[in-house]
Each structure stands twice: as C-alpha cells, then as structure tokens.
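Right, one structure below, let's go through it.
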Amino acid sequence: MNPRYAALVALVALAAVVVVVAATGGDTADPDAVAGAAQTSVSLSGPTDRVEPDESPASTEPQAPITSPDLPDLGVHPELREISGWLHSDVTSLEELRGRVVAVQFWTFGCRNCKNTLPHMRQLYADYNDQGLEIVGVHAPEFSYEAEVDNIVDAAQDLGVTWPIALDPGKRTFHHWQEGSRAFWPRIYLLDRDGHIRYDHIGEGRYDEIDAAVQALLAEPA
C-alpha cells in the first residue's frame, strides 16, 4: 500500500474514534456505545428495518377464532357416591341440574394446581352462569385438615369459590369417577344438558379450549 494512502486511512480512523468518544461525554467509550454508533452509521446508507423488541409493531393479521374441541358423547356421568353434604346450594344431586351445562371439577383447597385454576373457574361462572352453566366443585381432601368442613368453608371464602361444592370426604366419588390406579386433582368434566360427559381435562391450562367447549354445549338445543 502507498505510504501516503496508508497514513490517510489511519488519520480517518483516528478521527472516527475521537467522534465516538466525544459523543459519550469524553469518557472511555463503552463497547456497546461504539457498536451502536457503528450500527447507526450503517443505517444511514440505507434502511435496515431493525425494530427493538419493545417497539414491535402490532400484528395486523386477523386472529384465528378459537375452535371448539371435539365433544364426543362419553355417556351419562357416574353417580356421586357418599357425598356428606353440599355448600352454597340446595341441590343434592347432579340429576337436579338436568337442562343445564355442568362443569364438575375435582379439587381440594390445599392443592396448588387446583388453586391455579380458580381464576378461570370464577371467570367461567361470571360469564356463563346466567346463560345456563352450573359448576359443581367436588371437594375431595388429600389431607385430614382439608376434610374439616369449617376449613373448607373458610378456604372457599378466601379463594372466591361461590358455586356449589359437594363434599366427598372419603374420596368415594373422586375414585369412582376416576377408575384405575391413578386419580387427579384438578380434573374437570363438562356435562351437557342431558348429563352426558362431553369433555374431560386433567390439570391446569387449556382455558380457551374449555371456554369454547362451554360455549358449544350451551349452544346445543335443550
């Protein structure tokens, strides 16, 4: 390389460094600041369409509607066995709820996963109870303190559970509905207006799917 040309290149490079240092207030340039300056200089030669994560434009694509899951007819629900009492209701059986869509949830108030589902259950009740949905929480205790009725009453109040609660202290209904070697908290079944099981979900989540299933069952002819 021509020595005079090399000297000119070095002088230009030194001037660029001085500009960056001056832009940062005279202190030693932070590597990120230098990188930012380099990116800015590149952008001046043409748009790069670089968007910061917190500046991402809102999508203009239409949102796909939530479709209802398959709702096969699994037959009439099993009976409730050895229910010792009911809270928040004069109902004493699921048969008395014929003509309504019913969400039966197996839960116990000390179960973290059960508690995590309750905001959604409260929303379901608020949105659809006056349209024909009823919720029955079958309370099946895991530990002895969860079988005490006073503790269930207090927990229901604290957790905002206002729908009917069927008390299953011996877990006879819990195991009758969930035959086999394993049974689960929480578990939700959706019953149609004729008392047939049409949907079954174990655990947390799938809240949009549950909403869509409830809407579909409510839309079925009575």
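Data table
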read-out: Selected residue (only one of ALA216, ALA222 is over 12 Å from TRP107 (Cβ atoms) and surrounded by 15 or more Cβ atoms within 10 Å (Cβ to Cβ)); value: ALA216
read-out: Odd one out for VAL104, checked against (1) under 17 Å from HIS201 (Cβ atoms); (2) outside any strand (DSSP E or B); value: (2)
read-out: Any hit, the range 132-143, residues being closer than 24 Å to ALA216 by Cα, modelled with pLDDT under 95 and out of contact with any Leu (no Cβ under 8 Å at 6 or more places or on another chain); value: no
read-out: Count of residues meeting criterion [assigned to a loop (DSSP other than H, G, I, E, B), surrounded by fewer than 16 Cβ atoms within 10 Å (Cβ to Cβ) and modelled with pLDDT of 95 or more] in the range 163-181; value: 1
read-out: Unique residue being in the same structural domain as ASP90 (by TED's automatic domain parsing) and within 21 Å of the chain's Cα centre (by Cα) when the list is PRO164, PRO186; value: PRO186
read-out: The range 123-150: number of residues that are surrounded by 15 or more Cβ atoms within 10 Å (Cβ to Cβ) and part of a helix (DSSP H, G or I); value: 5
read-out: Condition met for GLN105 (under 18 Å from the mean Cα position of the chain (by Cα) and assigned by TED's automatic domain parsing to the domain that holds ASP211); value: yes
read-out: Filter result for PHE184 (in a loop (DSSP other than H, G, I, E, B) and touching a residue at least 24 places away in the same chain (Cβ under 8 Å)); value: yes
read-out: Residues located in the range 187-208, provided they are within 29 Å of GLY99 (Cβ to Cβ), free of Cβ contacts under 8 Å to residues at least 60 places away in the same chain and in a loop (DSSP other than H, G, I, E, B); value: ARG206
read-out: Filter result for ALA156 (in contact (Cβ under 8 Å) with a residue 60 or more places away in the chain, over 17 Å from GLN105 (Cβ atoms) and not aromatic (Phe, Trp, Tyr)); value: no
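The values are calculated or read from the model by the stated rules, or taken from the named source; none is laboratory data. Bear in mind that the values here come from a model prediction, so they are computed numbers and not experimental data. As a convention, Cβ positions derive from the backbone with ideal geometry for all residues, glycine included, and neighbour counts pool all protein chains shown.
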